Amino acid sequence: MEGSSAGRNEAFELEEQNDRQLEGLSAKVSALHSVSINIHDEVDVQNRLLDGSADTFNRFGTMFDRTRHQLNHTLATANKKFLCYLTLVLVFGVFGLYYFGKTLLSRLFGSHEIPEA
């Protein structure tokens with residue numbers, strides 16, 4: 001009788017050990033499932049962000065092409081005096097924006113934090 005009761009106790013202990021390991025495995029599977037759902041959601045968010053960026057760049061490219069065509073048309077039909085004035089306005093505009101930006105940044109952050117070009 002003792003042998004059969006020892007065998008039953010050992011079988012019971014093995015069954016309990018299997019149950020504990022099964023519970024641990026179930027918890028790990030549940031954690032992996034949760035992680036995979038989070039990864040899926042993040043991928044969806046990133047894909048929407050990339051699609052929005054692609055649309056923005058496409059609109060910018062279309063606008064840039066339209067501006068380039070208009071400039072080519074203007075240059076083909078404009079007289080030399082107008083081109084000279086246009087060039088002067090663009091050059092002074094770029095330098096004005098640089099000066100304005102540099103002045104604004106130096107007031108916001110202080111002159112010691114802005115590296116000189």
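Worth pointing out:
- Straightening the chain between LEU90 and ALA6 buys 20.5 nm, computed as 0.36 nm per residue apart minus the Cα-Cα spacing.
- Computed over all pairs of different Cα atoms, the Kirkwood value for the hydrodynamic radius of segment 1-62 is 16.3 Å.
- Accessible area in the full protein assembly, largest first, 1.4 Å probe, for LEU83, LEU105: LEU105, LEU83
- Rounded percent of accessible protein surface that carbon and sulfur make up, the chain, 1.4 Å probe: 65 percent
- Efficiency of FRET from Cβ geometry, TYR99 and THR67, R₀ 30 Å, rounded to 0.05: 0.75
- Distance between modelled label sites at ARG20 and LYS81, nm, 7 Å Cα→Cβ extension: 9.9 nm
- Heavy atoms of TYR85: accessible area, 1.4 Å probe, square angstrom to 10: 130 Å²
- Here the chain is assigned +1 on the Cβ of each Lys and Arg and -1 on the Cβ of each Asp and Glu. Its dipole about the Cα centre then comes out at about 1920 debye.
- Gyration tensor (Cα) of segment 26-117, equivalent ellipsoid semi-axes in angstrom: 49, 27, 6
- For ARG59, solvent-accessible area (1.4 Å; no DNA, RNA or ligand), Å²: 150 Å²
- Accessible area of the chain divided out per residue, in Å², using a probe of 1.4 angstrom: 92 Å²
The values are calculated or read from the model by the stated rules, or taken from the named source; none is laboratory data. No experiment lies behind these values; they were computed from the predicted model shown. Backbone-built Cβ (ideal geometry, glycine too); neighbour counts: all protein chains shown. The accessibility values were calculated without ligands, DNA or RNA, using every heavy atom of the protein model including side chains. Shrake-Rupley method; radii C 1.70, N 1.55, O 1.52, S 1.80 Å.
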